[in-house]
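The next block holds one structure in the form of structure tokens; read it before the comments.
The values are calculated or read from the model by the stated rules, or taken from the named source; none is laboratory data. These numbers come from a predicted model, not from an experiment. Counting neighbours? That spans all protein chains shown, and the Cβs are built from the backbone with ideal geometry, glycine included. Note: accessible area is taken over every heavy atom of the protein model, side chains too, but ligands, DNA and RNA are not part of it. Shrake-Rupley method; radii C 1.70, N 1.55, O 1.52, S 1.80 Å.
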Amino acid sequence: MSLRSLAQELTEPHMKMIGGRIGKVPGLLSELREAISGSSDTGGSGSTSKQRVLVNAGALDLLNEITETVRTGYADRYGQGAPTLDTCIDAIGKSEHPADWESWFTEKLNWAKSEIETMLRPKKMRRLDGIECPSCTQKVFGAERETCLYLDCWIDDDTAKHITEWEVECRGCGTHWAGVKEMKWLIVALS
């Protein structure tokens with residue numbers, strides 16, 4: 001994806017395939033800011049008084065990290081103080097850059113896009129309860145005794161990936177497996 005396209009996807013409304021249909025979605029930074037402010041919720045009794053979640057700290061931390069990274073890069077590249085995050089990204093996307101800066105900005109904007117999408121639209125993962133991780137030999141981890149292994153086997157809510165595209169991650173030790181050759185142990189454990 002080009003630097004210009006990445007900048008547009010982060011800052012401007014754009015067209016995107018959602019559930020098999022193409023629709024207009026807001027810029028990813030707008031969605032992230034919306035996630036920071038939380039959501040309104042009427043109580044279970046249906047009353048009209050609304051309770052509001054004040055702040056989503058994870059989303060706020062991510063926005064601050066993206067802002068710091070992009071504004072620092074902008075200031076280093078242009079040798080001047082950085083304006084707002086959106087203005088920096090727009091300017092970066094519309095400008096010509098030397099190859100090293102083009103590569104650096106593309107990497108950072110791809111990272112920002114990926115982090116925002118992961119936070120806002122986490123993958124549907126299947127927990128693999130009772131299966132031992134071949135790397136750390138744990139089935140559960142942490143004080144909460146959370147399941148270690150999770151299988152990424154879904155394209156969307158209704159469509160499964162082909163077995164050759166499955167991926168497994170261990171949240172206990174961070175190991176990652178992909179493809180049938182790396183996951184023979186999983187096929188044996190599931191059978």
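Some values worked out for this structure:
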{"read-out": "Cα→Cβ-extended label distance, 7 Å offset, between Ala91 and Trp111, nm", "value": "2.1"}
{"read-out": "Cβ-derived FRET efficiency at R0 30 Å, Met125 paired with Ser5, nearest 0.05", "value": "0.60"}
{"read-out": "Heavy-atom accessible area order for Cys136, Cys173, largest first, 1.4 Å probe", "value": "Cys173, Cys136"}
{"read-out": "Whole-angstrom gap from segment 134-191 to segment 86-120, using each part's C-alpha centre", "value": "31"}
{"read-out": "Area of Ser2 that stays accessible when all protein chains are in place (1.4 Å probe, Å², to 10)", "value": "60"}
{"read-out": "Relative contact order of the chain, pairs being alpha-carbon contacts under 8 Å that are 6 or more residues apart, as %", "value": "15"}
{"read-out": "Residue-normalised accessible area of the chain, expressed per residue, 1.4 Å probe, Å²", "value": "62"}
{"read-out": "Normalised contact order of segment 150-191, rounded percent, pairs of Cα under 8 Å and 6 or more residues apart", "value": "29"}
{"read-out": "Gain on full stretching of the segment that runs from Tyr78 to Asp158 - 0.36 nm per residue minus C-alpha separation", "value": "24.1 nm"}
{"read-out": "Candidate lysines for bridging to Lys94, where Cα separation is under 30 Å - those fewer than 8 sequence places away on the same chain excluded", "value": "Lys16, Lys24, Lys108, Lys113"}
{"read-out": "Gain on full stretching of the segment that runs from Val140 to Thr118 - 0.36 nm per residue minus C-alpha separation", "value": "5.6 nm"}
{"read-out": "About the Cα centre, charge dipole magnitude for segment 58-191 (Lys/Arg +1, Asp/Glu -1 at Cβ), debye", "value": "440"}
{"read-out": "Fraction of accessible area attributable to carbon and sulfur, the chain (%, probe 1.4 Å)", "value": "50"}
{"read-out": "Longest site-free stretch - the chain; sites: GluC sites (Glu not before Pro), DSSP loop, at most 10 other Cβ within 10 Å", "value": "1-95"}
{"read-out": "Ellipticity estimate at 222 nm from DSSP helix runs (n ≥ 4, -39,500 (n - 2.57)) divided over the chain, nearest 500", "value": "-13500 deg cm²/dmol"}
